[in-house]
1. Can you name every residue in the range 76-97 that is surrounded by fewer than 17 Cβ atoms within 10 Å (Cβ to Cβ) and either within 13 Å of Glu58 (Cβ to Cβ) or of a type in the set (Asp, Glu) (or both)?
2. Tell me whether the range 60-74 contains one or more residues that are aromatic (Phe, Trp, Tyr) and at pLDDT 95 or above.
3. Residue by residue through the range 50-72, note down the ones that are of a type outside the set (Asp, Glu), loosely packed, with under 15 Cβ neighbours inside 10 Å and under 19 Å from the mean Cα position of the chain (by Cα).
4. Mind listing just one residue for me: the one in the range 99-109 that is of a type in the set (D, E, K, R) and surrounded by fewer than 17 Cβ atoms within 10 Å (Cβ to Cβ) and, of those, farthest from the chain's Cα centre (by Cα)?
5. Under 7 Å by Cβ, and 6 or more places apart or on different chains, what pairs join a residue from the range 74-99 that is under 15 Å from Phe115 (Cα atoms) with one that is among the acidic types (Asp, Glu)?
6. Taking only pairs six or more apart or across chains, which ones have beta-carbon atoms under 8 Å, a first residue in the range 24-53 that is assigned by TED's automatic domain parsing to the domain that holds Glu111 and under 18 Å from Tyr97 (Cβ atoms), and a second residue that is in a loop (DSSP other than H, G, I, E, B) and at pLDDT 60 or above?
Amino acid sequence: MTSTQSSLLVLFLLLCSTTILSHLATAQEFPGRGDGYKRIKDVKYYHVVDIANYAIEEHKKQTGQELQFVRIISGYLDGRYYKLIILANDHGRKQRYEAVVWEKLYVKLRELVSFKLLA
């Protein structure tokens, strides 16, 4: 490899790494498709209810908090990210929670991104 080729390779690798780091620094917390969350019209649809139940079960595994699903109050979708406002029973008290779940449907993969109590 000549010194010119070596210099070009180093320059190319530097440019690639700078581009990647720049992209990572500006990435949003929940990137989705970038066009914003769209309201889910039918939150009683079985797939949306399944995602809400998944969020509650994952939260139980992570925290040990015993929650029971009541219903979905509202839901939003941005690409593969579901943001659901869920009503759940916490030891006899109904509380509202916001759950964000990432889903890759065609490989049946889900991940609970966040789960928090709403005031």
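1. The one that is surrounded by fewer than 17 Cβ atoms within 10 Å (Cβ to Cβ) and either within 13 Å of Glu58 (Cβ to Cβ) or of a type in the set (Asp, Glu) (or both): Asp90.
2. Yes, the conditions are met somewhere in the range 60-74.
3. Matches in the range 50-72: Asn53, Lys60, Lys61, Gln62, Thr63.
4. Lys108
5. Taking only residues 6 or more apart or on different chains, the pairs are Tyr82/Glu103; Lys83/Glu98; Ile85/Glu98.
6. Partner pairs satisfying both residue conditions: Val48/Ile40; Val48/Asp42; Val49/Val43.
The values are calculated or read from the model by the stated rules, or taken from the named source; none is laboratory data. It should be emphasised that the depicted structure is a prediction, and the values quoted were computed from it without experimental measurement. Backbone-built Cβ (ideal geometry, glycine too); neighbour counts: all protein chains shown.
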